[in-house]
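> Shown below is the structure under consideration.
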Amino acid sequence: MKMEDVSLSSMDNSKMEGFAQEILSDLVEDACLGLCFEVHRAVKQGYFFLDDTDQESMKDFEIVDQPGVDIFGQVYNQWKNKECVCPNCSRSIAASRFAPHLEKCLGMGRNSSRIANRRIASGNNTNKSESDQEDNDDVNDNDWSYGAEKKAKKRKSDKVFLHSLKQPVHLNPNSPRRSKSMKHKND
Amino acid sequence: MFSVKMSSEYCVFMYVALAVRARNYVAFNRSRFLFQINMSKESQMRAAINQKLIEMGERERLKELLRAKLIECGWRDQVKALCKEVIKEKGLENVTVEDLVAGVTPKGRALVPDSVKKELLQRIKAFLSQHST
């Protein structure tokens, strides 16, 4: 009896099918056994039942599927119609407008200080001139944007803001840039 | 022990009887012998393919694929529930591996969905036809 290597092509389909089924059932059995070992270890080490919750708390957190309500059961726009009383001016304001109103009312926050600065600046302009530059700018602004008041206001407020931050940098006649341009002109 | 007269006729008779018995024995068992020869060729082949399956790492990959598919289709949770039943039956302290295996494996094997089986079979057959020689 010789030990020949027979090719699988000589094996007919039914035998191949049978062989494949055998391999599959071995693999499935491995999977089952693996799971049994895992479960057994979990039982013996005491962590098998850890991730179970009791029925009562499961009911508390069940997903809610009603109209007008989110999945936690909360109404999502119930603060839309409510009104709050401002502690400063004692007016009743809508809830979504309450925070900005409070900012202006109490005089805190970025916007309110900007508006206040602008008012101061415009007040000073009408009373006395601070610096030539600022004056000219403001006058020019008014000339350019005759009808667009908003734009003028914005530019004014921006300019006032910037000027309040930086010290005004006047063009230095001796600055290198100036001299450079002069050089080019000469050449 | 009885003494037999070893006459020549007797010797011939004994010899022929033995020959007949030998022939009957071979004739009767020839089909069994042939079957064993064929089977051993086939089982050799199967053994060789199994070895290839393991050596090339394909068996591990198939195992991982099967594991992932079984978790995905919910089989693992189903079998875990079966395990819980066995535990409640036998008591938490006294459960043995044998209890679990005996109680869960037959049902577990039946619970594997057909789609998973089909896909695994496809891959196995592809491997078999690829590495047939």
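The values are calculated or read from the model by the stated rules, or taken from the named source; none is laboratory data. Keep in mind that what you see is a predicted model, and the values were worked out from it rather than measured. All Cβ positions, glycine included, derive from the backbone under ideal geometry; neighbour counts span all protein chains shown.
> Please determine, by comparing only the residues of segment B:39-57 that are of a type outside the set (A, V, I, L, M) and more than 10 Å from chain A (Cβ to nearest Cβ), which one is farthest from A:CYS36 (Cα to Cα).
Initial filter on segment B:39-57 (of a type outside the set (A, V, I, L, M)): B:40-44, B:46, B:50-52, B:55, B:57.
When the remaining residues are screened for being more than 10 Å from chain A (Cβ to nearest Cβ), the result is B:43, B:51-52, B:55, B:57.
Details: B:SER43: 30, B:GLN51: 26, B:LYS52: 28, B:GLU55: 26, B:GLY57: 24 Å.
It comes out as B:SER43.
> Just to check your reading of the model, which residue among A:MET58, A:MET11 is at pLDDT below 85, surrounded by 10 or more Cβ atoms within 10 Å (Cβ to Cβ) and under 30 Å from B:GLU93 (Cα atoms)? Please lay out each step first, then the result.
On the way: A:MET11 fails: under 30 Å from B:GLU93 (Cα atoms).
One residue alone meets the criteria, A:MET58.
> Given the structure, is B:GLU60 within 11 Å of chain A (Cβ to nearest Cβ) and either touching a Pro at 6+ places or on another chain (Cβ under 7 Å) or of a type in the set (Asp, Glu) (or both)?
Numbers: within 11 Å of chain A (Cβ to nearest Cβ): yes; either touching a Pro at 6+ places or on another chain (Cβ under 7 Å) or of a type in the set (Asp, Glu) (or both): yes.
For B:GLU60, the condition - within 11 Å of chain A (Cβ to nearest Cβ) and either touching a Pro at 6+ places or on another chain (Cβ under 7 Å) or of a type in the set (Asp, Glu) (or both) - is met.
> What are the pairs with Cβ atoms under 7 angstrom where one residue, in segment A:27-40, is within 15 Å of B:ALA81 (Cα to Cα) and the other, located anywhere, is of a type in the set (A, V, I, L, M, F, W, C) and surrounded by fewer than 18 Cβ atoms within 10 Å (Cβ to Cβ)? Sequence gap at least six, or different chains.
Sorted first by the residue in segment A:27-40, then by its partner, the pairs are A:CYS36/B:VAL97; A:PHE37/B:VAL97; A:HIS40/B:VAL97.
> Return yes or no: is B:PHE33 of a type in the set (Phe, Trp, Tyr), within 14 Å of chain A (Cβ to nearest Cβ) and part of a helix (DSSP H, G or I)?
Working: of a type in the set (Phe, Trp, Tyr): yes; within 14 Å of chain A (Cβ to nearest Cβ): yes; part of a helix (DSSP H, G or I): yes.
Spelling it out, B:PHE33 is indeed of a type in the set (Phe, Trp, Tyr), within 14 Å of chain A (Cβ to nearest Cβ) and part of a helix (DSSP H, G or I).
> Given the condition surrounded by fewer than 15 Cβ atoms within 10 Å (Cβ to Cβ), more than 30 Å from B:GLU58 (Cβ to Cβ) and among the basic types (Lys, Arg), answer yes or no: does some residue in segment B:90-101 qualify?
Within segment B:90-101, one or more residues are surrounded by fewer than 15 Cβ atoms within 10 Å (Cβ to Cβ), more than 30 Å from B:GLU58 (Cβ to Cβ) and among the basic types (Lys, Arg).
> OK, next. Residues that are of a type in the set (A, V, I, L, M, F, W, C) and facing chain B (nearest Cβ under 7 Å): find the helices (runs of 4 or more DSSP H) completely inside segment A:1-111 holding 2 or more of those. So that I can check it myself, show each step before the final result.
Values: elements: A:13-45, A:55-60, A:98-106.
Per the criteria, A:13-45.
> Only residues that are polar (S, T, N, Q), within 30 Å of A:ARG41 (Cα to Cα) and at the interface with chain A (Cβ under 9 Å from one of its Cβ atoms): list them for segment B:86-133, please.
B:THR96, B:THR105
> Here's something else I'd like to know. In segment B:73-85, which residues are within 9 Å of another protein chain (Cβ to nearest Cβ) and either loosely packed, with under 14 Cβ neighbours inside 10 Å or among the aliphatic types (A, V, I, L, M) (or both)? Let's see the steps before the verdict.
The first filter runs over segment B:73-85 and keeps only residues within 9 Å of another protein chain (Cβ to nearest Cβ), leaving B:75-76, B:79-80, B:83-84.
Passing the criteria: only B:VAL79.
> Report, by residue number, each residue of segment A:99-119 that is touching a helix residue (DSSP H, G or I) at 6+ places or on another chain (Cβ under 7 Å) and touching a residue at least 12 places away in the same chain (Cβ under 8 Å).
Hits for segment A:99-119 are A:ARG114, A:ASN117, A:ARG118.
> Do you know which residues across segment A:86-95 are under 30 Å from A:GLY68 (Cα atoms) and surrounded by 11 or more Cβ atoms within 10 Å (Cβ to Cβ)? Full working, then the answer.
Filtering segment A:86-95 for residues under 30 Å from A:GLY68 (Cα atoms) gives A:86, A:92-95.
Of everything in segment A:86-95, those that are under 30 Å from A:GLY68 (Cα atoms) and surrounded by 11 or more Cβ atoms within 10 Å (Cβ to Cβ) turn out to be A:CYS86, A:ILE93, A:ALA94, A:ALA95.
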